[in-house]
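Structure first, commentary second.
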């Protein structure tokens, strides 16, 4: 039927050769892999900083870091993990690769812009890394004023780096919105796109609407540092809480930029490994949009103890609990999908089930923090640290790992080593709980976050937590080995090794340069298992 | 469907679009989304302005009294004219009159330049009188009644500076459009870049329409 016969051995990986063909490629699949390599590298870096933090906290008193060095290590761990790993993570790697494939498109709407956003991202990342040699930053990733204005470190360069990376995030989001609206294959209605695409679409809306506010806030910090305008400086009639409002107006939606795509991955994996039509497609799809919408009205819960008015506190407390509704809708629909499914426990599914377990804990402790009365006690303690790591690591990173194992056969046409991959899950899942569950207890006991030291009463739980971090470290290093050896020497994968129903599995593995031999025509929903 | 030809009709359609209209719609949606981000970015400054204006109305009035509303009005007029010529250039391209479009694009650029020159005069007079943001404000020269007058000039320079940067970027883009128009790359079937930059230019103009009364006339 096609005028040119397709050679099945030619695919997007080998059609063009040479390193230059990667750095100039407009192919969304190759750009996804560019992001994958860079983000894996930054993840390694941020992970090393995390291990250093835990090592320093192994015992009370100074171990091998000075308090100043500890503040820097903590700042780099946060900034790298947020701006360079979790925010871009799933959309830029898996989204770039699979959004066009799942909706039956040949590419994203603006391929050149897509490549440009990788270059913008890398520029921002390199600027951020340059601060390591230009006077290190110790503000924490949140850049709270007035300290961020007064610190003598390279904070100006760091905020400009975050500004540049934000621009990349905006461009990716913009590209995905237009792709979803305009490039769906014939018959692929909005109510037939896979739930991963719904999640990416909701995320993209947040990226486009929230990031510009962060951009101007960061610019104002730079201006403030250069000229002392005083907008955020109480000594000059300014208001430091205003900074927190501006900052969290972006950064709370950003939390959902981090978790929504993960929820999308989980929807795909659970449907595929239950071999069952997903329960409540419409509810899951619209709850993504619901979370995105509510996320713009909850930022004030970061300022419960910052001197915000009590009425504002009460309103934000209520609105924050509202997020629990669409989130619970998703959880129950996933559970209902599992019910009477034909479940098998390959590693992607293990990570997805791990996600359900850990995200449930992260979500419920989130409600505890949303309640004003309890938050006054928990605020700025390790309880909060444990809570958001349960969501960001237990949620998002579990989904990243599950998603990568799920899609490796499609991305590289090769299978990974299943038993080793299951072993990585065991290490990461157990290590994660050993690391972070004690922190809930520490927080409830009153151990404050961000400090480089603690009283001896907290020692045993901190020791357990540090040992857990080693397990996580082993788990992720092992994962890296599993992924690399799959790419280098894995067994050949068929087009659809999991028997999944979404469109990306209907083309060959790895896909050809233009994704599909002939433009797919869609006649049914994404999860029509019989 | 040729992807490299510069001829009208059918040319310029990237491989992943069905046809020229499909590409035009997608491009335009992308541009509008980008405009949303621009407005939100300026939005942060407008919110900051609103909060501090309500806290220190007299300080803001003192700051505004040092600005010359005649210069501001003239600049408003110049930008409105430029928006008109920008819109006309698209109108001409749609009718196939690319020579007229070329002229209109250049008039737009010249208007942008006039705006920037007037802005430069205003800035240099502020510099001379020590009316600068934050601690750069020269208290000896200004005899400021309000100690934090530097905050007003912080807003003034941030808002007009960010806006001016957008005008410069817009001028660059319009020059690029004019060159491509001269080469005959645009016509009734393909003028998406002109339409896109046009939308950008109108938004930049619109932001000035809000900046002018807020900074020059309030108080």
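The values are calculated or read from the model by the stated rules, or taken from the named source; none is laboratory data. Predicted model only: the values in this text are computed from it and were never measured. All Cβ positions, even for glycine, are placed from backbone atoms using ideal geometry, and neighbour counts span all protein chains on display.
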> What number of residues in the range A:222-267 are more than 12 Å from every other protein chain (Cβ to nearest Cβ) and over 30 Å from residue A:406 (Cβ atoms)?
Replying inline: 3
> What number of residues in the range A:224-241 are in a helix (DSSP H, G or I) and crowded, with 22+ Cβ neighbours inside 10 Å?
Replying inline: 1
> Among the listed residues A:27, A:9, which satisfies the condition of being crowded, with 21+ Cβ neighbours inside 10 Å and more than 21 Å from the chain's Cα centre (by Cα)?
Replying inline: A:27
>> Can you name every one of the helices (runs of 4 or more DSSP H) wholly within the range B:125-218 that holds 3 or more residues which are more than 14 Å from chain A (Cβ to nearest Cβ) and at pLDDT below 90?
In response: B:139-142
>> Of the residues A:191, A:181, only one is surrounded by fewer than 24 Cβ atoms within 10 Å (Cβ to Cβ), closer than 17 Å to residue B:35 by Cβ and out of contact with any strand residue (DSSP E or B) (no Cβ under 8 Å at 6 or more places or on another chain); which?
In response: A:181
> Inside the range A:387-432, can you point out the residues that are more than 23 Å from residue A:98 (Cα to Cα) and outside any helix (DSSP H, G or I)?
Replying inline: none
> Does residue B:88 fit the bill of being part of a helix (DSSP H, G or I) and either closer than 30 Å to residue B:48 by Cβ or within 14 Å of chain A (Cβ to nearest Cβ) (or both)?
Replying inline: no
>> I'd like to verify a number: residues in the range B:44-71 that are at the interface with chain A (Cβ under 9 Å from one of its Cβ atoms), touching a helix residue (DSSP H, G or I) at 6+ places or on another chain (Cβ under 9 Å) and surrounded by fewer than 16 Cβ atoms within 10 Å (Cβ to Cβ), how many?
In response: 1
> Do the conditions hold for residue A:178, that is, is it farther than 25 Å from residue B:50 by Cα, at the interface with chain B (Cβ under 7 Å from one of its Cβ atoms) and touching a helix residue (DSSP H, G or I) at 6+ places or on another chain (Cβ under 8 Å)?
Replying inline: yes
> Is it true that residue B:79 is buried (at least 20 other Cβ atoms within 10 Å of the Cβ), touching a residue at least 24 places away in the same chain (Cβ under 8 Å) and at the interface with chain A (Cβ under 7 Å from one of its Cβ atoms)?
Replying inline: no
>> For the range A:445-472: of the residues being assigned to a loop (DSSP other than H, G, I, E, B) and in contact (Cβ under 8 Å) with a residue 60 or more places away in the chain, which is farthest from residue A:54 (Cα to Cα)?
In response: A:446
>> modelled with pLDDT under 95, surrounded by fewer than 24 Cβ atoms within 10 Å (Cβ to Cβ) and either farther than 30 Å from residue A:525 by Cβ or touching a helix residue (DSSP H, G or I) at 6+ places or on another chain (Cβ under 7 Å) (or both): is that true of residue A:155 in this structure?
In response: no
> Just wondering, is there one or more residues in the range A:129-143 that are over 17 Å from residue A:220 (Cα atoms), part of a helix (DSSP H, G or I) and under 24 Å from the mean Cα position of the chain (by Cα)?
Replying inline: yes
>> Can you pull out every residue in the range B:10-35 that is surrounded by fewer than 17 Cβ atoms within 10 Å (Cβ to Cβ), in a helix (DSSP H, G or I) and within 9 Å of another protein chain (Cβ to nearest Cβ)?
In response: B:22, B:25, B:29
